[in-house]
Every structure is written in structure tokens, then in C-alpha cells.
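Step one of this worksheet: look at the structure below.
The values are calculated or read from the model by the stated rules, or taken from the named source; none is laboratory data. These numbers come from a predicted model, not from an experiment. Backbone-built Cβ (ideal geometry, glycine too); neighbour counts: all protein chains shown.
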Amino acid sequence: MGFRIVGTGSYLPEKILTNFDLEKMVDTSDEWIRERTGIRERRIASPQEAASDLGVKASQKALQMAGISPEDLDLIVVATITPDMFFPSTACFIQQKLGAKNSAAFDISAACSGFIYGLVVVNGLIRSGKFKRVLLVAAETLSKITDWEDRSTCVLLGDGAGACVIVPHNEKTLLSYTLGADGNCGHLLFIPGGGSRLPATEDTVRNKKHFLKMKGNELFKIAVRVLAESALKVIREAGISPEDISHFIPHQANWRIMKACAQKIGLPLEKIYVTVDRYGNTSAATIPIALDEAVREGKVNRGDILLLDAFGGGLTWGACILKW
Ligand code: UT7
């Protein structure tokens, strides 16, 4: 038994922050940001919008496409590194706001790889036979953990959410997958404060310990290698060749990473679905947002072979071959 994604949805906050806006905030330029990352603009949540608010809007669109009402859901899984609160989980907030009263709910913490981790977890739970109507959401408000004085990170990040409704299906559609992690490199991308290691104090606030820290150029090299290795592994395990892939939907952190990765896999650049120019890096949400856009634009059709590929903090990574 497999699963099928029967509805997709996404939501991006209204406010657009362009590279030219950032030129007025930090020592950077539109040219530098475009050339080094491919990003032109990103979306920023309002002060009133938390991750669950973005997630609910994406979920409502996915449920509408699926023709499924919130009460029919039996499980909600949310991938996020910017939860509304430590607890309750963001999944519980989304459950309450949707009115999905018959649903279990929990969060997954796998940073930018959260959507792929989520897909693999949902696959297992659906195969158990216990769950029949599952909502998988990735919702991020990275602007709330961004140091707006740090030019090395603030130009990269954005806010947004994507969601999928997933149901059991006779045919196998997850043709192959891989998940991985390397805790030894956790220090390359993290938030030092606010957890049990370094609880919030006046000192942690003054010293900006609650903001995301990243060693970008060290991550860059690992990202290209790991994304390409994972992709080649799932292509091999699915018994297909790169030519069989209709669309490559990678995590959208940097156009240069995506391009280098496609070249290593042997995929033409036209097969990459790109959103990083418009939304920047929205962590776990980049893949489901891109997937929803590609579906709604009619680019992804039933029978298409998709390669999803993610990499992020933890470090974590994951890739899969999905028959749409
Ligand atoms: O979400 C998954 C995990 N994240 C990633 O995968 C991100 C991976 N990393 C990257 O995308 C890239 O490394 C960055 C976009 C973060 C940086 O690009 P880079 O080509 O690796 O630049 P760099 O960090 O090596 O910095 C080059 C120069 C430095 O100046 P010097 O030392 O050469 O004088 C930086 O200070 O660019 C400078 N710089 C900037 N200049 C203008 C760094 N940020 C900026 C900026 N504007 N915003």
C-alpha cells in the first residue's frame, strides 16, 4: 500500500521585502544578493502572524483541493523550526484553528529537511493502516528569528507555508527515499539561546542569542555534496535514470546550490522548479510551496516523476522519488 497527495496548498504573507529595501537596512546590494543567491525578494509575516496562521491558510487551500473537510482528518503533522510556542505544538494550534477535532497532531523538528522527514513519517503511519486522511504542513516565520543587523543571514530568509493532504493509495507512489543526519555539524546552523541549554535571560537577549546563526560558506560545500549524493541514491534505488525525472524540486536556499546539484545529478536546469528568487529560504516550507505552485500551474501532472531533495540544520537531509 502507498499514499497519494490529493491536495496541495501554500500561503505567503503579503508583505514583500526586496533587495533594495535591504540595501537601506544593512551593508549589502541587490547585485551581491542576486549573484550570490538568486534571491530578489522575500515575504515577511506581520507581527500578528505566527507559524500556525500561515500553516492554516496553506492547509485550507490543500483541503479545498482535496475536497476533504477538517473533521475528516485523522492526523496533522507539522514541520517547523519557528513554532508558535515550545508547546503546545504548532500542529495542535493548526488542529484547533481548522476545527479538525478528530485528528491527532504533532510537530517534527528537522529544520529545512522537515517536509521530507514528514513525508517519510506519514508514509509509515499510512502503511500502518491506522490513518486515512493526513495533513502534512510546513510553516515557517524565519523573519522572527532573524538578526536584521546581520547581513550574512538576513538577506537569505523568508516566511511562508505549504501543505499537502495525503491519503492511502493502492499503487506505490513513494518509489524510494533516504533520510540522514550529522549532529557533528550542528554548530553550522543553529539558535544558541531559548532552550534548556541557555534559557532566556536579559543577557541572552542583549547578546542576540535568540537569533539564527549560520556559517554559510561551510554549509554551501556540504549542501551541494549531500544533496547530490542523496539524489543519486534515490534515483538508483527507484530503478530509474535522471532522464525519467519530470521535475526536480529541491530545497530553495540558494540558486547556486540548486544549479550545482542539478549539474552533478545530470539534470537540465529547466527541470528545476524555482521559487528562491521570489521567496528566499523559507526552511521546511520551500518544497511544499514549490510543489503547490507547480501543481496549480499545471506543470506537475499525474504520472510525473518528481525528485524532492532537502538539506538543512542539524545537519539533516532527505530526498525522495515520488510518482505523482
Ligand atoms: O537552508 C539550508 C542551509 N543553508 C544553506 O545551505 C546556505 C548555504 N550558504 C550560502 O548560500 C552562501 O554561502 C551564502 C549566500 C550564505 C554566502 O555566499 P558566499 O559566496 O559563500 O559568500 P561568503 O560567505 O564566502 O562571503 C563572501 C564575502 C565576504 O566578504 P570578504 O570576507 O570576502 O570581504 C562577506 O563578508 O561577501 C561578504 N558578504 C556580503 N556582502 C554583501 C556576506 N554577506 C553579504 C551581503 N552583502 N549580504
Filter region 141-156 down to the residues that are closer than 26 Å to residue 91 by Cβ and either near the ligand (Cβ under 9 Å from one of its atoms) or in a loop (DSSP other than H, G, I, E, B) (or both) and list them by number. 146
Quick one: is residue 194 surrounded by fewer than 17 Cβ atoms within 10 Å (Cβ to Cβ), more than 14 Å from the ligand (Cβ to nearest atom) and under 20 Å from the mean Cα position of the chain (by Cα)? no
For region 294-315, indicate whether the set of residues that are of a type in the set (Asp, Glu) and buried (at least 22 other Cβ atoms within 10 Å of the Cβ) is non-empty. yes
For region 1-26, enumerate the residues that are loosely packed, with under 13 Cβ neighbours inside 10 Å, touching a helix residue (DSSP H, G or I) at 6+ places or on another chain (Cβ under 8 Å) and part of a loop (DSSP other than H, G, I, E, B). 1
By residue number, the members of region 82-119 that are part of a loop (DSSP other than H, G, I, E, B) and either in contact with a strand residue (DSSP E or B) (Cβ under 7 Å, 6 or more places away or on another chain) or small (Gly, Ala, Ser) (or both) are 82, 83, 89, 99, 100, 103, 109, 110
If I filter region 273-290 down to residues being in contact with a helix residue (DSSP H, G or I) (Cβ under 6 Å, 6 or more places away or on another chain) and either of a type in the set (Gly, Ala, Ser) or in contact (Cβ under 8 Å) with a residue 40 or more places away in the chain (or both), which single residue comes out as nearest to the ligand (Cβ to nearest atom)? 283
Working only within region 92-135, note down all residues that are within 16 Å of the ligand (Cβ to nearest atom) and on the phi > 0 side of the Ramachandran plot. 111
For region 131-151, the count of residues that are of a type outside the set (Ser, Thr, Tyr) and either crowded, with 19+ Cβ neighbours inside 10 Å or at pLDDT below 95 (or both) equals 10
Within region 241-261, residues part of a helix (DSSP H, G or I) and buried (at least 24 other Cβ atoms within 10 Å of the Cβ) come out as 258, 261
Run residue 180 past the list (1) within 18 Å of the chain's Cα centre (by Cα); (2) surrounded by fewer than 18 Cβ atoms within 10 Å (Cβ to Cβ); (3) in a helix (DSSP H, G or I) and report the number of the one that doesn't hold. (3)
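Go through 163, 138 for me and flag whichever is assigned by TED's automatic domain parsing to the domain that holds residue 40, within 16 Å of the ligand (Cβ to nearest atom), assigned to a strand (DSSP E or B) and of a type in the set (Gly, Ala, Ser).
Exactly one of 163, 138 is assigned by TED's automatic domain parsing to the domain that holds residue 40, within 16 Å of the ligand (Cβ to nearest atom), assigned to a strand (DSSP E or B) and of a type in the set (Gly, Ala, Ser), namely 138.
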Name every residue in region 291-324 that is acidic (Asp, Glu) and either in a loop (DSSP other than H, G, I, E, B) or away from the ligand (no atom under 16 Å from the Cβ) (or both), in order of residue number. 292, 293, 297, 304
So how many residues does region 174-192 have that are out of contact with any helix residue (DSSP H, G or I) (no Cβ under 9 Å at 6 or more places or on another chain) and farther than 22 Å from residue 146 by Cα? 2
Exactly one of 46, 29 is surrounded by fewer than 20 Cβ atoms within 10 Å (Cβ to Cβ), within 9 Å of the ligand (Cβ to nearest atom) and free of Cβ contacts under 8 Å to residues at least 40 places away in the same chain, and that one is 29
If I filter region 167-221 down to residues being touching a residue at least 12 places away in the same chain (Cβ under 8 Å) and basic (Lys, Arg), which single residue comes out as farthest from residue 319 (Cα to Cα)? 208
Of all residues in region 147-174, which are more than 20 Å from residue 98 (Cα to Cα) and either among the charged types (D, E, K, R) or under 17 Å from the mean Cα position of the chain (by Cα) (or both)? 147, 149, 150, 151, 156, 157, 158, 159, 171, 172
